[in-house]
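Colleague: First the structure, which I've put down as structure tokens, then a few questions once you've had a look.
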Ligand SMILES: C[S@@+](CC[C@H](N)C(=O)[O-])C[C@H]1O[C@@H](n2cnc3c(N)ncnc32)[C@H](O)[C@@H]1O
Ligand code: SF4
Ligand code: SF4
């Protein structure tokens, strides 16, 4: 039997005032009327801590859209969980921030869509950039750990140095620069988001130089686009191994995107305890460990390192959730990813904007809000 | 960033704290996870309360281990704390 999860990911709501074109939320969202109540979340926090979880990541959608967020933070701390808020910052007044800190909030991860207001607002589908800069300043003036997250892709990777300089001004402890992962809303938008190989290669040099320059001041984590990697990432640190996600309506998932896989049965915290779910739920068993694997993973020496990659990506790209993640260079269906990369590096891709000219307008699919 | 010197007062960084009541497996929780600190590392970190100077911490450790090679303790503790500062777990 596996030990308990290290962290609980609490997707408090799918409501969000922004519409990011790469949003990792599922395309099929949970309605606000089916959201778990404050007391139901409290039980989930208590059970997660009893199972051994140390951290809770409060996310969404936009967690600030929950009127009871302060209560939830206090409840998570009362359950002795390290409490992290992952937010776009929209709806975070100074007063509310002080209340959250007083309730025990320990870390805030604030997302930005770009360093330039016009480009950021285009990605978010709303005028939000200036507000976020204000929020970042008020966060920095207060005693909690502060991470800035910026998602990078074809349309903004050419100004990575400008993005890093922008972050530097706002003085977070950490900057997480994450290439888009292609699930949720990012999948239909992938042709406008997938960077070119020269963009990726340049970005590595820029990040490394910045890491050296900023050592001890601002830590930079860089998540590479896995389409360009030789081997896949250990998605979620292994299926049902480290993380447990509870969605707004109480379904427990091994991963944000697991809902795309047909036939998956998710148990709900309204009916079952978290311990039962972690140990018995078929969704958590389905790809746990190594037994489900076919070749080439089954006999590959990297199998306990990357667990065969991302199941949701395997399904999205091949139609078969059992398949080796096609980003792996050893995958029988790797040509699917090679084709995407070829497309992205030829003129068929959506060309990144020339510097300092008006942004092009790819036909974006914007994330819509649940009803 | 100022380098660590004798008068620095190292402390856990904002957003980092000791986990509560989990006995011998005491760990420091940070935004990114938990680091289990044992042995010397734990002794060093437990002295980093933001009140004591690095000089005082080194002296306390020397007394704790009844060691005379203070220079070596200072060097090891300094390396350890610099590493943790890069991870944004310690500040001084
Ligand atoms: C889905 S959002 C939810 C919380 C909040 N609305 C926010 O934007 O921070 C969680 C984090 O994932 C990042 N993100 C969203 N879509 C992503 C994708 N396709 N790939 C990588 N990161 C993504 C966001 O920038 C944010 O930091
Ligand atoms: S649309 Fe943007 S702000 Fe809203 S949940 Fe998705 S990533 Fe976060
Ligand atoms: S074959 Fe499977 S286990 Fe081996 S590197 Fe590729 S995905 Fe990982």
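Colleague: Could you tell me the convex hull volume per residue, in Å³, taken over the Cα atoms of segment A:227-294?
Modeller: 108
Colleague: Also, quick follow-up: FRET efficiency for residue A:285 and residue A:138, Cβ-Cβ distance as r, R0 = 35 Å, nearest 0.05?
Modeller: 0.20
Colleague: Let me ask another. Using r as the Cβ-Cβ distance of residue B:83 and residue A:363, and R0 as 41 Å, what FRET efficiency do you calculate, to the nearest 0.05?
Modeller: 0.30
Colleague: Only Cα pairs under 8 Å and at least 6 apart count here; give the relative contact order of chain B as a rounded whole percent.
Modeller: 37
Colleague: Arrange A:366, A:182 by Cβ neighbour counts within 10 Å, fewest through most, would you? Don't jump to the answer; show the numbers that get you there.
Modeller: On the way: A:366 15, A:182 26.
In order of increasing Cβ crowding within 10 Å: A:366, A:182.
Colleague: What is the order of B:64, B:29, fewest Cβ neighbours within 10 Å to most?
Modeller: With the fewest neighbours first, B:64, B:29 line up as B:64, B:29.
Colleague: Once every DSSP H run of n ≥ 4 in the protein assembly as shown is given -39500 (n - 2.57) and the sum is divided by its residues, what mean residue ellipticity at 222 nm do you get, rounded to the nearest 500 deg cm²/dmol?
Modeller: Values: 16 runs with 159 residues, N = 463.
Here the helix-only value at 222 nm equals -10000 deg cm²/dmol.
Colleague: While we're looking at this one, here's another question. When you look at the Cβ of every residue in A:125-138, what mean number of other chain Cβ atoms sits within 10 Å?
Modeller: Average per residue, whole number: 0.
Colleague: How many Cβ atoms of partner chains, on average, are near each residue of B:11-19 if near means within 10 Å of its Cβ? Before the final figure, lay out each step's value.
Modeller: Working: counts 0, 0, 2, 8, 14, 5, 2, 0, 3.
If you average over the peptide's residues, the count of other-chain Cβ atoms is 4.
Colleague: Cβ neighbours within 10 Å, averaged per peptide: list B:83-91, B:51-59 in order, most packed at the top.
Modeller: By packing density, highest mean first, the sequence is B:83-91, B:51-59.
Colleague: Could you tell me whether the protein assembly as shown comes out rounded, prolate or oblate from its Cα gyration tensor? Rule is a ≥ b ≥ c as square roots of the eigenvalues, rounded for a/c under 1.5, then prolate if a/b exceeds b/c, otherwise oblate.
Modeller: Here the protein assembly as shown falls in the rounded category.
Colleague: Enter the angle in degrees (range 0 to 90, nearest 10) between the Cα long axis of helix B:54-65 and the first principal axis of the Cα atoms of chain B, meaning the one along which they spread out most.
Modeller: With both axes taken from Cα atoms, the answer is about 80 degrees.
Colleague: Using R₀ = 45 Å, calculate the FRET efficiency as 1/(1 + (r/R₀)^6) where r is the Cβ-Cβ separation of residue A:329 and residue B:7; round to 0.05.
Modeller: Plugging the Cβ-Cβ distance into 1/(1 + (r/R0)^6) gives 0.25.
Colleague: Quick one: if you stick a label point 7 Å off each Cα along the C-beta vector at residue A:127 and residue A:342, how many nm between them?
Modeller: Here the modelled spin labels are 4.6 nm apart.
Colleague: Take the Cα atoms of segment A:1-139, find their three principal axes, and give me the spread along each one in whole Å, biggest first.
Modeller: 48, 34, 29
Colleague: Send over the Kirkwood Rh of segment B:15-87, from the inverse of the averaged 1/r over different Cα pairs, rounded to one decimal Å.
Modeller: Working: mean 1/r = 0.0766 Å⁻¹.
The Cα-based Kirkwood calculation yields 13.1 Å.
Colleague: Which order do A:164, A:101 fall in if you start with the one that has the fewest other Cβ atoms within 10 Å?
Modeller: The most exposed by this proxy come first: A:101, A:164.
Colleague: How would segment A:115-214 be classified by its alpha-carbon gyration tensor: rounded, prolate or oblate, with rounded meaning a/c under 1.5 and the a/b versus b/c comparison settling the rest? Please list the in-between numbers first.
Modeller: On the way: a/c = 2.00, a/b = 1.25, b/c = 1.60.
Oblate shape, in that a/c is at least 1.5 and b/c is the bigger or equal ratio.
Colleague: What percent does the relative contact order of segment A:115-243 come to when contacts are Cα pairs within less than 8 Å and at least six residues apart?
Modeller: 24
Colleague: Residues of A:139-145, mean number of Cβ from any other protein chain within 10 Å of their own Cβ, rounded to a whole number?
Modeller: Per-residue shielding by partner chains comes out at 2.
Colleague: Residue A:202 to residue A:27: extension gain in nm, 0.36 nm per residue of separation minus the Cα-Cα distance?
Modeller: Result: 59.8 nm gained on full extension.
Colleague: Further question on the same structure: Relative contact order for chain A: what percent, with Cα pairs under 8 Å and sequence separation of 6 or more?
Modeller: 21 percent.
Read-outs: derived from the displayed coordinates by stated rules, not from any lab. Since the structure is predicted, the reported quantities are computational estimates derived from the model, not experimental observations. Here the Cβ is made from the backbone with ideal geometry for all residues, glycine too, and neighbour counts use every protein chain on show.
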